[in-house]
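Take a look at the structure set out below.
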Amino acid sequence: MVSANREMAVYCFDTLVAHYNGEQPAPPAFEEGQHPLFVTWKKTMNGSEPRLRGCIGTLEARQIISGFKEYALTSALRDRRFPPIQPKEIPYLECTVSVLTNYESALNHLDWEVGKHGLIIEFTDPDYNTRRSATYLPEVPAHEGWTKLETIDSLMRKAGYNGVINDLLRKKLRVTRYQSTLFTMHYTDYASHVKSIRGMAPTINGAPIINGFKTNANH
C-alpha cells in the first residue's frame with residue numbers, strides 16, 4: 001500500500017513554486033501508484049492556528065504523480081471557497097497530502113469512528129429530488145471537535161442541502177467510510193529540505209524573504 005510521505009508534500013510545493021516561476025517542477029522522488037488522494041493547503045501567520053486556504057482531491061483512484069501535480073494547483077488556485085493563493089503567501093503555507101484507502105460501506109450514518117474514518121455521504125434531496133454528496137477527510141471531525149451526528153449534519157449542509165435535517169433523512173443516507181495516511185510539511189521545512197538535497201533554497205517570483213531563505217528571485 002502506498003502511504004503519504006514527505007516526498008509527496010515536497011512535490012506539491014515544487015509544483016506550486018514552479019507554477020509561479022513559469023517552470024516545470026523537479027521530478028518526484030516517490031514511486032507511481034494508483035490511489036484516491038487530496039492536497040490541503042493551510043496558512044500560518046505569527047504562530048496562529050493554521051487557516052485553510054484550499055483542499056481539493058479525488059475520491060477515485062488515479063495515478064498519484066499526475067494526481068498530486070494536478071491537485072496541488074487545483075487546491076491552491078481553484079478552490080471556489082477561497083481566493084487563489086498568491087506567491088507572497090507561499091512562505092507561510094503548510095501542505096498536507098492524503099492518500100485514501102480501505103473504502104467500506106457503512107451499515108448506517110453512525111457506523112464509523114471519529115478520527116479514524118473519512119466519510120462520503122450520498123442522498124436524494126427531498127425538496128428538489130436531486131442527488132447530493134459530500135466528503136470529509138478523517139482528520140476534519142476530530143479537529144473540529146464534532147460528534148458523529150454533528151459531522152453528518154455538517155456534511156449534509158456541505159452537500160448543499162438547506163432543508164430540515166431529521167433522523168428519518170439521516171437514516172436514508174448512503175455512507176461510505178474510508179481511512180487515509182497523511183503527511184504535513186511547512187514551507188520552512190520544504191525550503192530546508194530542498195537546500196540540503198539540491199544545494200540551493202527555492203526561489204519564488206513575487207514572494208518575500210522568510211527565515212533567511214531568499215524566496216524572491218525578482219523584486
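The table below lists the values:
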| item | result |
| --- | --- |
| Every residue from the stretch 41-56 that is farther than 14 Å from residue 15 by Cβ and either touching a residue at least 24 places away in the same chain (Cβ under 8 Å) or not in a strand (DSSP E or B) (or both) | 42, 43, 44, 45, 46, 47, 48, 49, 50, 52, 53, 55 |
| Qualifying positions in the stretch 8-52 - crowded, with 18+ Cβ neighbours inside 10 Å and acidic (Asp, Glu) | 14 |
| Whichever residue in the stretch 106-127 is assigned to a strand (DSSP E or B), aliphatic (A, V, I, L, M) and under 15 Å from residue 153 (Cβ atoms) and, among such residues, is farthest from the chain's Cα centre (by Cα) | 121 |
| Candidate set from the stretch 83-121 (those that are open to solvent by less than 10 Å² (accessible area, probe 1.4 Å) and among the aliphatic types (A, V, I, L, M)); member that is farthest from residue 187 (Cα to Cα) | 121 |
| Residue check for residue 66: open to solvent by 20 Å² or more (accessible area, probe 1.4 Å), within 30 Å of residue 175 (Cα to Cα), of a type outside the set (Lys, Arg) and free of Cβ contacts under 8 Å to residues at least 60 places away in the same chain | yes |
| The listed residue being free of Cβ contacts under 8 Å to residues at least 24 places away in the same chain, in a strand (DSSP E or B) and open to solvent by 40 Å² or more (accessible area, probe 1.4 Å), out of 131, 80 | 131 |
| Residue within the stretch 97-106 that is out of contact with any Gly (no Cβ under 8 Å at 6 or more places or on another chain), among the acidic types (Asp, Glu) and within 30 Å of residue 168 (Cβ to Cβ) present | yes |
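Here is a yes/no grid of residues against (1) under 25 Å from residue 64 (Cα atoms); (2) touching a Leu at 6+ places or on another chain (Cβ under 7 Å); (3) not in a helix (DSSP H, G or I):
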residue	(1), (2), (3)
163	no, no, yes
168	no, no, no
172	no, no, yes
179	yes, no, yes
182	yes, no, yes
185	yes, no, yes
191	yes, no, no
194	yes, no, no
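The values are calculated or read from the model by the stated rules, or taken from the named source; none is laboratory data. Because the structure is a prediction, the values reported are computed rather than measured. Note: ideal-geometry Cβ built from the backbone for every residue, glycine included; neighbour counts use all protein chains shown. Calculation scope for accessible area: heavy atoms of the full protein, side chains included, ligands and nucleic acids excluded. Shrake-Rupley method; radii C 1.70, N 1.55, O 1.52, S 1.80 Å.
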